[in-house]
Amino acid sequence: MVEKGERVREDWGLIPASLEDARMLHRISLTVLAALALSCAATPPAITGRVVEEDFVSATVGDTYQLVVRLPPGYDDSSDVYPVLVQLDALQSGGQFNITAGHASELASEGAIPEIIVVGVGGGDRFRDFTVDGVEAFLRFLREELLPHVDATYRTDAAAGRALFGHSLGGFFSLYTLLSTGAEASPPFTAFVAADPSLTEGDVRLLSLEDELSASTTELPRRLYFPIARYNGAVQRLYFDELSDRLDANYTGLDLRAEVLETDHGGAVDPSYADGLRFVFGGVP
């Protein structure tokens, strides 16, 4: 891994003629890379505990989502409450729910993190929900429909806060949620993993949100793990540098780990979620 602070500035290849060209090329590449990740993903650790599946109809978005919930071992025989992790793109890129829930199971069995409830959200239209035109409605769905349902159905630990994990477009949505709710005293999520996020899908929106947030507060009591893949283009790296520099400079209370992974876009999924679990729940710096 290369720490963000080293600021490696090598040749990342040809720069597209315009940001619009960059966004189009990046969107095409995301579709191809997601397919490659699905075919090449390593087998994640086995999931322990119990897995519950259900369809959830969102009145806010007007769509149906597939929920996959991992409950810890012994859940049915105790009255314990558990922190909650919401995993976006649950069925995407080799089954992101399986990856995160598998690593959560293994790390909890080793005592590296506490037992947690993992809520995977799949289905819907990710190019609608996780890009500029649809993010507001999808965040309302999570805040007003999904999280109340999870809290009412399962024994969740509200005091522990909630984590939001996403990769690619889901990583962009994680950053959007962090910035758009950063000034709230009781936000829907307090910890985030934005794994190799698709920054070119909403770069201007994210930077504008950061401008608004830094103008309203310098306190940001959140945790953010923000890794990007080295082999994912020059434009992606430029936006990563800009946004991570701003987050590092403008806020107190933000526990930020931003770094460059020696892999490509699809290869960033597994290590980002494993390290993200350690960072968010295990206190690993």
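Regarding GLY111, is this residue at positive phi and loosely packed, with under 14 Cβ neighbours inside 10 Å? Yes: the conditions hold for GLY111. Filtered by the rule that a residue be surrounded by fewer than 19 Cβ atoms within 10 Å (Cβ to Cβ) and either touching a strand residue (DSSP E or B) at 6+ places or on another chain (Cβ under 7 Å) or of a type in the set (Asp, Glu) (or both), region 114-141 gives GLY123, ASP125, ASP133, GLU136.
Residue count for region 143-172 satisfying the condition of being modelled with pLDDT of 95 or more, more than 27 Å from ASP270 (Cα to Cα) and not polar (S, T, N, Q): 7.
The set of residues in region 125-163 that are over 26 Å from LEU71 (Cβ atoms) and not basic (Lys, Arg) comprises ASP125, PHE127, PHE130, THR131, VAL132, ASP133, GLY134, VAL135, GLU136, ALA137.
The number of residues in region 148-184 that are in contact with a Pro (Cβ under 6 Å, 6 or more places away or on another chain) and either surrounded by fewer than 21 Cβ atoms within 10 Å (Cβ to Cβ) or of a type in the set (Gly, Ala, Ser) (or both) comes to 4. Summed over region 168-202, the residues that are part of a loop (DSSP other than H, G, I, E, B) and of a type in the set (Phe, Trp, Tyr) give a count of 1. You will find that of ARG257, ARG278, ARG237, the residue that is without any contact (Cβ under 8 Å) to a residue 40 or more places away in the chain and either under 22 Å from GLY161 (Cβ atoms) or buried (at least 16 other Cβ atoms within 10 Å of the Cβ) (or both) is ARG257 and no other. Within region 258-284, the residues that satisfy the criterion of being within 14 Å of PHE192 (Cα to Cα) and either of a type outside the set (A, V, I, L, M, F, W, C) or part of a strand (DSSP E or B) (or both) are ALA258, SER272, TYR273, ASP275, GLY276, ARG278, GLY282, GLY283. For region 208-229, the candidate set comprises residues that are under 18 Å from the mean Cα position of the chain (by Cα) and more than 30 Å from ALA159 (Cβ to Cβ); within that set, the residue that is surrounded by the fewest Cβ atoms within 10 Å (Cβ to Cβ) is ALA229. The set of residues in region 238-273 being under 26 Å from GLY94 (Cβ atoms), in contact with a helix residue (DSSP H, G or I) (Cβ under 9 Å, 6 or more places away or on another chain) and not hydrophobic (A, V, I, L, M, F, W, C) consists of TYR239, ARG257, GLU259, THR263, ASP264, HIS265, GLY266, GLY267, ASP270, SER272, TYR273. Taking region 45-157 as the region of interest, the strands (runs of 3 or more DSSP E) fully inside it that hold 3 or more residues being within 15 Å of the chain's Cα centre (by Cα) and of a type in the set (Val, Ile, Thr) are 117-123.
For (1) surrounded by fewer than 16 Cβ atoms within 10 Å (Cβ to Cβ); (2) more than 19 Å from HIS149 (Cβ to Cβ); (3) in contact with a strand residue (DSSP E or B) (Cβ under 8 Å, 6 or more places away or on another chain); (4) of a type in the set (Lys, Arg), each residue gets a yes or a no:
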site	(1), (2), (3), (4)
ARG50	yes, no, yes, yes
VAL61	no, no, no, no
SER78	yes, yes, no, no
PRO83	no, no, yes, no
LEU88	no, no, yes, no
GLN92	no, yes, yes, no
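The values are calculated or read from the model by the stated rules, or taken from the named source; none is laboratory data. Since this is a predicted model, take the numbers as computed values, not measurements. Backbone-built Cβ (ideal geometry, glycine too); neighbour counts: all protein chains shown.
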